[in-house]
Amino acid sequence: MRYDLDDLRLFTHVAAEGSITGGARLMHLSLPSASARVRALEAQAGVPLLIRERRGVRLTPAGATLARHAREVLAETTRLDSAVASYAVSGSAPIRLVAGGSAMHQLVPAALATFLRDHPEYDVNVSERRTTRSVRLLAAGEADLGVILDDEPTPLRTEPLADDSLVVIGQAGGILSGRASIAYAEVAEHPLVGLDRRSPLTQWMDDRLGPHAPAPRFRTLVPTLHTLITLATAGAGLAIVPRRAVDTNPAVEICPLQDSWSTRQHLLCYAADAPASAHLLATHLHAAASVRV
């Protein structure tokens, strides 16, 4: 037996609406045309599919079986269309997004998840860069959109995005318990876990601490914020991380830093000729920034 997908779609609408009239309306068909399609389905099945009553229709057992399988077939068809469409070549150049390691931890992935789902016509190339490098790329037209920190002057257009202040974290109930704030000089007296020396956050802190800052003892250096937070939560040592990355983590003690350099903001920065698609992505970045994850 061969089934027409539109006939199956019509039948599922009839089943859901409880009337052929309702199904015809959802399919933008005339009532006589919809009725003829349903009768043709019944003829093809060889059994009644509907019980017709004065105020609508009810499914026969065979009709209920057909409706259930029809919904599964239509859902699978949708998945098939999506899978094949994913191989289509985008008609526009990829959006070039640059951002620092802190933004890459949660903010950028959350925004990309919704943007790529809602806009299958666009692709995005993402690069992790320090703010100084991101600003240069944007100014040179080699990137379209950036998530940068607020301490780098730029003539390009910027918008406030999210707080990215740094805090000290440690195991719940540990040495940070009950502290309202702490200075970096005191933090450096304790064993620490940190990001590796090539990470944008480590380089940013080194620039601000200067050569005369107390030398910390790092028990280990790791490549990602996720690993760093896991180790600090387990009691391996204190760590300095963006507050946003741990705000909803009940297993970690959070203590603000007293040092002025720890207060910082994320900004959205646009290239002078940023395409409209970059502005669409910016909307998703703002939405992601408004959610604590």
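So which residues in the stretch 140-160 are out of contact with any Lys or Arg (no Cβ under 7 Å at 6 or more places or on another chain), hydrophobic (A, V, I, L, M, F, W, C), more than 25 Å from GLY194 (Cβ to Cβ) and touching a residue at least 40 places away in the same chain (Cβ under 8 Å), if there are any at all? Of everything in the stretch 140-160, those that are out of contact with any Lys or Arg (no Cβ under 7 Å at 6 or more places or on another chain), hydrophobic (A, V, I, L, M, F, W, C), more than 25 Å from GLY194 (Cβ to Cβ) and touching a residue at least 40 places away in the same chain (Cβ under 8 Å) turn out to be LEU145, LEU156. State whether one or more residues within the stretch 216-236 are more than 21 Å from GLU152 (Cα to Cα), in the same structural domain as GLU142 (by the TED database), in contact (Cβ under 8 Å) with a residue 40 or more places away in the chain and in a loop (DSSP other than H, G, I, E, B). No, every residue in the stretch 216-236 fails to be more than 21 Å from GLU152 (Cα to Cα), in the same structural domain as GLU142 (by the TED database), in contact (Cβ under 8 Å) with a residue 40 or more places away in the chain and in a loop (DSSP other than H, G, I, E, B). For the stretch 143-155, indicate whether the set of residues that are open to solvent by less than 40 Å² (accessible area, probe 1.4 Å), within 30 Å of VAL252 (Cβ to Cβ), touching a Cys at 6+ places or on another chain (Cβ under 6 Å) and not in a loop (DSSP other than H, G, I, E, B) is non-empty. Yes: the stretch 143-155 contains one or more residues that are open to solvent by less than 40 Å² (accessible area, probe 1.4 Å), within 30 Å of VAL252 (Cβ to Cβ), touching a Cys at 6+ places or on another chain (Cβ under 6 Å) and not in a loop (DSSP other than H, G, I, E, B). Find all pairs meeting these conditions: Cβ atoms under 7 angstrom apart; at least six residues apart or on different chains; first residue within the stretch 256-268 and closer than 13 Å to GLY146 by Cα; second residue open to solvent by 30 Å² or more (accessible area, probe 1.4 Å) and of a type in the set (Ser, Thr, Tyr). If the second residue must be open to solvent by 30 Å² or more (accessible area, probe 1.4 Å) and of a type in the set (Ser, Thr, Tyr), the pairs left are LEU267/THR158; LEU268/THR158. Taken together, the criteria place SER102 among residues that are modelled with pLDDT under 90, closer than 30 Å to ASN249 by Cβ and among the polar types (S, T, N, Q). Of VAL47, VAL57, VAL38, all but one fail to be in a loop (DSSP other than H, G, I, E, B) and either closer than 23 Å to ARG2 by Cα or open to solvent by less than 40 Å² (accessible area, probe 1.4 Å) (or both); the exception is VAL47.
The values are calculated or read from the model by the stated rules, or taken from the named source; none is laboratory data. Just so it is clear, the model here is predicted, and its values are computed rather than measured. Note that we place each Cβ from the backbone using ideal geometry, even for glycine, and neighbour counts take in every protein chain shown. Calculation scope for accessible area: heavy atoms of the full protein, side chains included, ligands and nucleic acids excluded. Shrake-Rupley method; radii C 1.70, N 1.55, O 1.52, S 1.80 Å.
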